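**Student:** My structure is below; once you've seen it, I'll send some questions.
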């Protein structure tokens, strides 16, 4: 799951920033390495929400600074979603 | 402050349906090439007309690279590409030292219409949460001009003028005044309009397009058969500066801006046009430059193949030029390019600079049937080799704006 999530997120980040996927790793920093500004950060968040059908909290977005953190956030949200489904 | 400063054109960038770059554009004008083709940018099945001046094969990557290209709309891509060409053509180096003395002045009116529509569609379809914020800046009309400053790190003034058919000519007037006031040394003056479904729909439903009667659309200014415009797209950017500044930096000088004038007449609509405003603008432009009508060699007309504009413009020119009307050449490049609206003035200026530098009159092509109401010294169907010292470029908007610019070659005192 984590690996495919990471791949998908790198693809989204590549689309938004214009950097090639090969230039983006888990350790890549959105703001320092990819020139992501506040608008692009929201754009990435919205694309992730659409792709994974999850909802990222707005106040959480500024704290997500690396690809790795984005992957962790998405994995946690997917886990929560799965648990909610099971609980129902 | 000196209003006597000579302002010159040192660079031109063109992206048009008949060619990209000034040399290709000028050669296409000399060839009499026509830029009309079946529209591929959007589905035209709901319309009666399917032809426009669409720019095909346009690759902004070649001019401005990949960075942030994805979020830039077509207008912005066209203007950035034309700007890139103009900056190169003028050998203009933008540095930390001179950037605050360089400005951007652009004519654009419908440029953001498609972006607004797309933004609204996404919001309605996906919900507000999923609207891409990166596309929001495209929804304002000054976005293309602003992107020019952002892309090329230009920190002087940045203005967008939206006066319809006169927009890019008015952008030139505004920029030239800025230089004359000593508030800028160099200005990128441009005009841009993109072809999109929304603008096309507007012209279509207003009944302004040629071909609405089911016949093949035809852009034939001054021809008796004319029955509407062929809508088109394009961008032209012209680098202007004082002659002194151009000489100091060793820039090539393509032409001098001799004078300009604007006049407003609220004629009301497309059907009845008195031409008073255009007449005043031409008279004032000649008078400001202390020129007589016979000092003009070529009139680059704004006639766009509509019944009223072409008739009105012809009548005004006959009235102002008197006897000289038989000697001054006249043509409309819209027969080849189509109606590019806000960009049309900048494209006509770029064409006229070519006419002066290459020694030819661009023809009014598709001309077959004489209209006695449009009796001028037309150059039709084939370019005419001729030495041109001065050209007068006109623009006229049916809602009242009129702007005229006189340019001349640099070695013809």
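**Student:** Can you give me the relative contact order of chain A as a percent, contacts being Cα pairs under 8 Å and 6 or more apart?
**Tutor:** 36
**Student:** Using only C-alpha positions, report the orientation-averaged shadow area of the convex hull of the range B:259-408, nm², one decimal.
**Tutor:** Seen from a random direction, the Cα hull of the range B:259-408 projects 7.6 nm² on average.
**Student:** With the Cα gyration tensor of chain A in hand, convert its eigenvalues to equivalent ellipsoid semi-axes via √(5λ) and list them largest first in whole Å.
**Tutor:** Its equivalent ellipsoid spans semi-axes of 23, 14, 11 Å.
**Student:** When only C-alpha pairs under 8 Å and at least 6 residues apart count, what is the relative contact order of chain B, in percent?
**Tutor:** For chain B, the relative contact order is 23 percent.
**Student:** For the range B:130-201, rounded, prolate or oblate, judged on the Cα gyration tensor with a ≥ b ≥ c (square roots of eigenvalues), a/c < 1.5 rounded, else prolate if a/b > b/c?
**Tutor:** Cα axes put the range B:130-201 in the oblate bin.
**Student:** Helix-only mean residue ellipticity at 222 nm, chain A, DSSP H runs n ≥ 4 weighted -39,500 (n - 2.57), per residue, nearest 500. What is it?
**Tutor:** Value at 222 nm, helices only, nearest 500: -20500 deg cm²/dmol.
**Student:** Follow-up question, since we're still on this one. Share of antiparallel DSSP beta bridges in the protein assembly as shown, in percent to the nearest 5?
**Tutor:** 65
**Student:** Still on this structure, I have one more. Quick one: Cα centre-to-centre distance for the range B:136-179 and the range B:215-284, in angstrom?
**Tutor:** Measuring centre to centre over Cα atoms gives 17 Å.
**Student:** Using a ≥ b ≥ c from the Cα gyration tensor of the range B:337-413 (square roots of the eigenvalues), is it rounded, prolate or oblate, where a/c under 1.5 gives rounded and otherwise the larger of a/b and b/c decides, a/b for prolate?
**Tutor:** Since a/c reaches 1.5 but b/c is at least a/b, the shape of the range B:337-413 is classed as oblate.
**Student:** Let me ask another. Taking one equal scatterer on every alpha-carbon of the range B:7-248, how large is log10 of I(q)/I(0) by Debye at q = 0.16 1/Å?
**Tutor:** -1.18
**Student:** Exposure proxy check: B:403, B:394, B:280 ranked by fewest other beta carbons within 10 Å?
**Tutor:** Fewest-to-most Cβ neighbours within 10 Å comes out as B:280, B:394, B:403.
**Student:** Now for a separate question. Using a Gaussian network model on chain B with a 10 Å cutoff between Cα atoms, which of B:32, B:207, B:111 fluctuates the most?
**Tutor:** Evaluated over chain B, the most mobile residue of the options is B:207.
**Student:** Okay, next question. Using a/c under 1.5 as the rounded threshold, could you call chain B rounded, prolate or oblate? The axes a ≥ b ≥ c are square roots of the C-alpha gyration tensor eigenvalues, and prolate needs a/b larger than b/c, oblate otherwise.
**Tutor:** Oblate is the answer for chain B, as a/c is 1.5 or above yet b/c matches or exceeds a/b.
**Student:** Sticking with this structure for a sec: Of B:53, B:11, B:123, which has the largest mean-square fluctuation in a 10 Å C-alpha GNM of chain B?
**Tutor:** Between B:53, B:11, B:123, it is B:123 that shows the largest mean-square fluctuation.
**Student:** Please arrange B:114, B:204 by counting, for each residue, the other beta carbons lying within 10 Å of its beta carbon, fewest first.
**Tutor:** B:204, B:114
**Student:** Another question, if that's okay. Among DSSP beta bridges lying fully in chain B, give the percent that are antiparallel, nearest 5.
**Tutor:** 65
**Student:** Given the C-alpha centroids of the range A:66-88 and the range B:72-116, what is the distance between them in whole angstrom?
**Tutor:** 44
**Student:** With 10 angstrom as the radius, rank B:302, B:220, B:84 by how many other C-beta atoms surround their C-beta, starting from the fewest.
**Tutor:** Listing B:302, B:220, B:84 from fewest to most nearby Cβ atoms yields B:84, B:220, B:302.
**Student:** While we're on this one: Compute a Gaussian network model of chain B, connecting alpha carbons closer than 10 Å, and tell me which residue from B:126, B:54, B:194 fluctuates the most.
**Tutor:** B:126
Taken together, the values in this text are just the output of simple stated rules run on the coordinates, not laboratory data. Since the model is a prediction, treat every value here as computed from it, not as a measurement. As a convention, Cβ positions derive from the backbone with ideal geometry for all residues, glycine included, and neighbour counts pool all protein chains shown.
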